[in-house]
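Asks: Pasting in a structure now, in structure tokens, and then I'll have a few things to ask.
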Amino acid sequence: MKAGLFLLVALLLAGLLVACAPVATLNALAPGNTHTVTAGVAYGTGPRQQLDVYKPARAAPRGGWPVVVFFYGGSWNRGQRADYAFVGEALASRGILTLVADYRLYPQVRYPDFLRDCAAALAWGLVHAGELGGNPQRVFVMGHSAGAYNAAMLALDARWLQPTGHKPRELAGFIGLAGPYDFLPMTNPDAQPVFFHPDYPPGTQPLEHAGKAAPRSFLAAAREDSLVNPQRNTQGLATKLQSLGVPVTVKFYDRVGHMTLIAAFGAPLRWLAPALADVADFVNGPPGA
């Protein structure tokens, strides 16, 4: 009885945290002794072509820390890297050098210009990983929601990294959280103009680009997600990649939704789902596992 009451109260508090200034709270409660941060590093010439670097406080292993380049969500309409300091801290606390990148948003740009920004940020990470203390052979691309779409496109479709002089095969892995990978026709009114609804350009769906050369992948979602259907998108992409022989780890979490999945990376909410631990295990695991 007491355990059930405690869980109920904890869930109510979690809901309150997420509903009321969630990122400000999560960032304010993020530990400060797990990392150092270098903010506002330019990967391009525009004001939104910048990233923040989160270095683990622990000593780097031989060869350097693994590296994650992270892209946030927001229907390609909203978001800023400072809001996701709690993600940078979370990953750095697990010994992962983390780059949290901004990219241009609608209405400044539409598809595919934000992918070009993300490709430039990822290329910057590939080039500079070693000098930052990271391992250039262990660079992962990661995103949540719309950011997971961006990450998937870079990992699966070589045309975006190609102008930067890089290829998806250089990546050690792809991590997608609650990503939209097969979403046409679009129903989200915020995202519709980003993709020229109803006149969608060809080749916009990550599922179309899944191939045998895809990097090993970690795909996760809330079991119940009212914004991005987890069966169609997460399970659909996982099934396609697995059918091609690509190593895929798939996780579905209870007690979280679309937004609380990424909020569970914040120190006060990690009890909601073991997403951080699972991602860290994937990143730190042996290649091809």
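The values are calculated or read from the model by the stated rules, or taken from the named source; none is laboratory data. Quick caveat: nothing in here was measured; it's all calculated off a predicted structure. Glycine gets a Cβ as well: all are built from the backbone with ideal geometry, and neighbour counts include every protein chain shown.
Asks: Criterion first (of a type in the set (F, W, Y), under 25 Å from L105 (Cβ atoms) and out of contact with any Cys (no Cβ under 6 Å at 6 or more places or on another chain)) does F252 satisfy it?
Replies: no
Asks: If you take just the helices (runs of 4 or more DSSP H) that sit entirely in region 1-98, which of them hold at least 3 residues that are modelled with pLDDT of 95 or more?
Replies: 22-28, 85-93
Asks: To continue, here is another question. Take the residues in region 221-246 that are over 19 Å from the mean Cα position of the chain (by Cα) and free of Cβ contacts under 8 Å to residues at least 24 places away in the same chain, then tell me which one is nearest to T260 (Cα to Cα).
Replies: Step by step, filter region 221-246, then rank; the result is T239.
Asks: Right, here's the next one. Among the residues of region 183-199, are any more than 19 Å from G147 (Cβ to Cβ) and touching a Leu at 6+ places or on another chain (Cβ under 8 Å)?
Replies: No: zero hits.
Asks: I've got another one for you. Within region 248-289, track down each residue that is among the aromatic types (F, W, Y) and surrounded by 19 or more Cβ atoms within 10 Å (Cβ to Cβ).
Replies: Within region 248-289, Y253, F265, F282 qualify.
Asks: I'm checking my understanding of the structure. Among residues of region 60-103 that are over 14 Å from the mean Cα position of the chain (by Cα) and of a type in the set (K, R), which one is surrounded by the most Cβ atoms within 10 Å (Cβ to Cβ)?
Replies: Residue satisfying both the conditions and the ranking: R94.
Asks: Could you please let me know if R159 is surrounded by fewer than 21 Cβ atoms within 10 Å (Cβ to Cβ), of a type in the set (D, E, K, R) and assigned to a loop (DSSP other than H, G, I, E, B)?
Replies: Taking the combined requirement at face value, the residue satisfies it.
Asks: So, S75, is that one touching a helix residue (DSSP H, G or I) at 6+ places or on another chain (Cβ under 8 Å) and of a type in the set (S, T, Y) or not?
Replies: Yes, satisfied.
Yes/no per residue for (1) surrounded by fewer than 24 Cβ atoms within 10 Å (Cβ to Cβ); (2) in contact with a strand residue (DSSP E or B) (Cβ under 8 Å, 6 or more places away or on another chain); (3) among the aliphatic types (A, V, I, L, M):
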residue	(1), (2), (3)
R116	yes, no, no
A129	yes, yes, yes
A148	no, yes, yes
P163	yes, no, no
P168	yes, no, no
Y181	no, no, no
N188	yes, no, no
F196	yes, no, no
Y200	yes, no, no
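Asks: For region 256-289, enumerate the residues that are of a type in the set (F, W, Y) and under 16 Å from the mean Cα position of the chain (by Cα).
Replies: F265, F282
Asks: State the number of residues belonging to region 176-198 that are in contact (Cβ under 8 Å) with a residue 60 or more places away in the chain and touching a helix residue (DSSP H, G or I) at 6+ places or on another chain (Cβ under 6 Å).
Replies: Going through region 176-198 one residue at a time, the tally reaches 3.
Asks: On to the next question. Just checking, which of Q231, Q205 is crowded, with 18+ Cβ neighbours inside 10 Å, polar (S, T, N, Q), out of contact with any strand residue (DSSP E or B) (no Cβ under 7 Å at 6 or more places or on another chain) and farther than 23 Å from L97 by Cβ?
Replies: It is Q205.
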